[in-house]
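To start, the structure under review is shown below, and the notes come after it.
Rule-based calculations on the coordinates, nothing more; no lab input. Please read these numbers as outputs of a predicted model, since none were measured by experiment. Here the Cβ is made from the backbone with ideal geometry for all residues, glycine too, and neighbour counts use every protein chain on show.
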Amino acid sequence: MAQSLELLLIQFLMPDNDARRQAEDQIRRLAKDPQVVPALVHHLRTAKTPNVRQLAAVLLRKKITGHWAKLPPHVKHSVKSALIESITLEHSPPVRRASANVVSIVAKYAVPAGEWPDLLPFLFQCSHSSQEDHREVALILFSSLTETIGPTFQSHLSDLQPLLLKCLQDESSTRVRVAALKAVGSFIEFINDGNDVVKLFREFIPSILNVSRQCLANGEEDVASISFEIFDELIESPAPLLGDSVKSIVQFSLEVCSSQSLELNIRQQAIQIISWLANYKATFLKKHKLVTPILQVMCPLLTESAIGDEDTDLAVDRAAAEVIDMMAIKLPKHVFPQVFEFASLSFNHVNPKYREASVTALGVVSEGCFELLKDRLEHALHIVLGGLKDQEHMVRGAASFALGQFAEHLQPEIISHYQSILPCILNALDDSSDDVKEKSYYALAALCEEMGEEILPYLDPLMGRLVASLQSSPRNLQETCMSAIGSIAVAAEQAFIPYAEKVLELMKSFMVLTNDEDLRSRARATELVGIIAMDVGRMRIEPILPPFIEAALSGFALEFTELREYTHGFFSNVAEILGDGFIKYLPHVVPLAFSSCNLDDGSAVDIDDSESIENGFGGVSSDDDTNDEPRVRNISIRTGVLDEKAAATQAIGMFALHTKAAYAPFLEESIKILIRHSGYFHEDVRLQAIISLKHILTAAQSIPPGYADVSERQKEFFDTMMNIYIKTMTEDDDKQVVAQACMSVADIVKECSFIMIEPYMSLLADATLKLLCGETSCQQLDSDSDEGEIDHDEDLMDAVSDLLPAFAKAMGSHFEPIFSRLFDPLMKFAKVPHPPQDRTMVVACLAEVAQEMGPPISGYVDRIMPLALKELSSSDATNRRNAAFCVGELCKNGVTAALKYYGDVLRALYPLFSDSEPDNAVRDNAAGAVARMIMVQPQSVPLNQVLPVFLKALPLKEDREESMTVYNCIYNLILSSNPQVLPLVPEMVHVFAQVVVSPEEANELKDSAPASVCISLLVFALT
């Protein structure tokens, strides 16, 4: 074989493509024989030309995995010896590196089996060699061996550290320093939390910084680039490897990113390190007082202009904006004052780049600093709206973007300024710059979606501009224009109907576009039709839907993932509108959703075959041998497919929810997909799976008993779903996904019988307790917050707190043993340093638990009442409202235990009835609290003082959930013939008269006995 193989290797390197293909086919056949290994080793050592020796090494690395176990010991020994010789004696660097790669593969099998005890001693010896080549190849091998036998090195780290440190400081060889840098980076993932090892690795950082500075001074930016890759690994390492060196790393990174003489790539890497630190190690930046130095560099970088044809994705100003954005999210109180000052000072600068930076800075901090920015909204809007009128289009474009960010993140306060904002946006829609127009459409879309009826006076001018733009603008502007129309439709609701026909007619032409460059517009049009359909309703839309549905279905043949994504959303909307009218479309749309869910998401490994491709050896990687050894470098994902999967997963749930039993033929496959997607690697897909699982349950439970094994299958699915939810609550690492699981569980517990959920109550209680104690996976991530205050995690903890009332509703008084476990962890959220929103959450939760659990709440009155009384005087209306509801329920169900607090409660409630209380819902809840107190303990309430104040607040203005309680109380008072009540009976009956004619009150109340009796009394009084 050796002789024929040599000829084939030479033939493979020939320029003749036919000869090369023939050689490759024959090499592939020969490679199936284990004897190919010693033959390749022979040519690795004896071939006359370096190219042939390197090709032998490349093939050997690929084929040795499948054959190693079959080789006799003496052959294995000769292979190892030959590899060592090649590393030490070979003169060609590419051949040495290729041989080193083979060593790492052989070591994967030989070292754990104890078949190569001399390997590590050999490497240590090589790394001390006086020959540069030996030192370099030893370090290369150390790096590559971490991919195959990395854990083996953990016991050698204390020996490796001084060796690597010495090589890192090797001033005689750049190649050795580079190899040492790479080796240091390779070992980081194997460092555990042991103090000694961590201390050893922290000692590398000063040397890495020194080497990097020297290399930058010598123009060797590629070496400095490696150091940033290492810093990246240090930041993400679970071991505390940074320590106090974070200050030096930040200083070096700021030096690099602010140096305009350096290449964009290296500056971008430096900025990225600051961004990672802000994201993962914000407390370090705070502790070492680095926020100000960073912002002193990042804010001016916003003013830097791109030179010539520089890649905008690498633009320094854009990268700096991303850093400021991240820092604002993580450290809002530290970031906002400096950024706001920068924006205020730069707004009137003579250089337009500074004016652009001013509005850009305000836009990027609006998400993280939303609370602080709301307090300075007038001044911020003055800057941004002024920017919209700037003579330079770059400033106007940045101002439009900032306004869109404000509209997204400063709700609801931003809406109160619509009268000054909308006219400015209208003007911007006529801007001479398409960039300004596009960003203005974005701002308009973001603002209008939340406006509601405030949009109505502007509908005509807005729709006139937008419809005209749809007919005359370039494609990119048409797309953003359609987004704006969609937002206006959402806000205007029924008022949009007069404009719907014209827009839908225009959408027909967009929904049949087939050119690749037009498919994004087609996707936006498909989305918009679905939104408009929601506005106009089933009666108007159903007759004209068929051509739109036909166009939407035909779009799936165009292989454009964004179009498929938006089309799934379109069908989700149509299913919601049509309800049972959508059943006829299920056979057409459900398979398409399944197909998207089952798509290959593009998860792929990047195989490092650099030594073969660079030298023309790429063809040898195309064989079918499954035993070939790949070298995984990184994973890439097609994000468009992820969005499509998420949309399709959502669609499955919507189809099931709105067609119910008719969805039965698709349930089995849907359940399989949702189970798989509930554990998907990306949180967007998991989130939609968690939502859709509950909708599938709705469909499954609506199937009539006539179906075969339906009860058994329903129970089986219910069990599967509950186990997924419980696992998600404790093990998923995304807070939004966990929050959704909690919300779904709360809904299910409230809707299903206690018999169904009883087997899961213990596990649900355990999961809830872990969430309240911050012990679940999603709560273990580094969540740096501003010092002195704990962030209110609205998405998660509000959802968790909703579980307790749901459990109480299902279990009634039997919930008390579980509640006793959850009570103390819940109450911690009401204490400093938790923010006011947490107290709102706690009081609301306790009020609902008291309502549903009933008498057992009496054992907790003494601990809850002081908190609720305090919150009655809160500056926040929501807190006052929840507290009023809470004290009422405590008095109602706490009975005797609450009696001693009656005086304090009435005194605390009294201000809520005065004209100084601006919130009607607060006053309604206060009335509800008083009503509960009167019904439970009328003798303990001074009716002669309380009733006039109580009746003055009626009828209820906003919170109709209190209606039955309040008006039942009045009814009982009338029937009681209490002397203190009789003089007020006409006033009470008058209240009922207003209730009966009010369109806001439910018919259930109007038809109730109390209302009927009181109206009879009113008629009697009039006659």
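On full extension, the segment bounded by E115 and E85 gains 9.0 nm, given 0.36 nm per residue less the C-alpha separation. Across segment 669-683, coupling constants 3J(HN,Hα) worked out from phi with the 6.51/-1.76/1.60 Karplus curve, θ = phi - 60°, read 5, 4, 5, 4, 5, 5, 4, 5, 6, 5, x, 5, 6, 9, 5 Hz, and Gly and Pro carry x. Candidate cross-link partners of K32 among the lysines, defined by an alpha-carbon separation under 16 Å and a same-chain spacing of 8 or more, comprise K62, K63, K70. Backbone phi angles across segment 115-121, fed through the Karplus curve with coefficients 6.51, -1.76 and 1.60 (θ = phi - 60°), yield HN-Hα couplings of 8, 9, x, 8, 5, 5, x Hz in residue order; Gly and Pro are listed as x.
Once the C-beta distance of D766 and E712 is scaled by a Förster radius of 35 Å, the resulting FRET efficiency is 0.80 to the nearest 0.05. Spin-label model, E505/Q471: points 7 Å from Cα along the beta carbon direction are separated by 0.9 nm.
Would you mind counting up the charge near R880? Only other residues with Cβ under 9 Å from its Cβ, with Lys and Arg at +1 and Asp and Glu at -1. Display every interim value, and only then the final one.
On the way: positive: R881; negative: E871, D876, E917, D919.
Summing Lys/Arg as +1 and Asp/Glu as -1 gives -3.
For the chain, the longest principal axis of the Cα atoms and the long axis of helix 877-894 meet at an angle of about 70 degrees.
Holding the Cα-Cα limit at 31 Å, pick out from K281/K694; K48/K80; K286/K437; K770/K957 the pairs that are longer than that. Mind dumping the intermediate values first?
Values: K281/K694 37 Å; K48/K80 21 Å; K286/K437 40 Å; K770/K957 40 Å.
The answer is K281/K694; K286/K437; K770/K957.
Only lysines eight or more places from K584 in sequence, or on another chain, were considered; those with a Cα closer than 21 Å are K660. Using the Cβ of A700 as centre and a radius below 14 Å, the other residues enclosed give a net charge of -2, where K and R count +1 and D and E count -1.
A Förster distance of 45 Å, applied to the separation of the beta-carbon atoms of E171 and D600, puts the FRET efficiency at 0.35. Mean sequence separation of contacting Cα pairs (under 8 Å, at least six apart), scaled by the length of the chain, corresponds to a relative contact order of 5 percent. Compute the angle between helix 519-541 and the longest alpha-carbon principal axis of the chain, please, reported from 0 to 90 degrees and rounded to the nearest 10. Long axis of 519-541 versus the principal axis of the chain: about 20 degrees. In whole Å, how far is the Cα centre of segment 15-75 from that of segment 128-182? Spelled out, the Cα-based centre of one part sits 29 Å from the other. Note on H156 and N972: the model spin-label points, each 7 Å out from Cα along the C-beta direction, lie 8.2 nm apart. Once the Cα atoms of helix 836-853 and of the chain are each reduced to a long axis, what angle between those two axes, in degrees from 0 to 90 to the nearest 10, is obtained? Helix 836-853 sits at roughly 60 degrees to that axis. By the rule of a C-alpha distance below 17 Å, with chain neighbours fewer than 8 residues away ignored, the lysines paired with K287 are K247, K330, K333. Residue separation of N218 and K32 scaled by 0.36 nm, minus their Cα-Cα distance, works out to 62.0 nm of gained length. Each of A908, A898, C969 was placed along the dipole of segment 894-1011 (beta-carbon charges, centred on the mean Cα), and the one lying farthest toward the positive end is A898. The Q260 and Q391 beta-carbon pair, evaluated with R₀ = 25 Å, returns a calculated FRET efficiency of approximately 0.40. Counting only DSSP H runs of at least 4 residues, each contributing -39500 (n - 2.57), and dividing by the residue count of the chain, the helix-based mean residue ellipticity at 222 nm comes to -22000 deg cm²/dmol.
The residues packed around K809, meaning those with a beta-carbon under 9 Å from its beta-carbon, carry a net charge of -1 if Lys and Arg are +1 and Asp and Glu are -1. Along segment 508-518 the Karplus relation, 6.51 cos²θ - 1.76 cosθ + 1.60 evaluated at θ = phi - 60°, assigns HN-Hα couplings of 4, 5, 6, 7, 10, 5, 10, 5, 3, 6, 9 Hz to successive residues, with x for each Gly and Pro. Hey, how many Å between the Cα centroid of segment 719-741 and the Cα centroid of segment 835-849? Computed from Cα coordinates, the inter-centre distance equals 23 Å.
Distances between placed amide hydrogens fall under 5 Å for G368 paired with I329, all partners being 5 or more residues away or on another chain. Placing dummy labels 7 Å off each Cα toward the beta-carbon, the span from T720 to H77 is 5.8 nm. Prolate is the label for the chain, because the ratio a/c of its alpha-carbon gyration tensor axes (a ≥ b ≥ c) is 1.5 or higher and a/b is greater than b/c.
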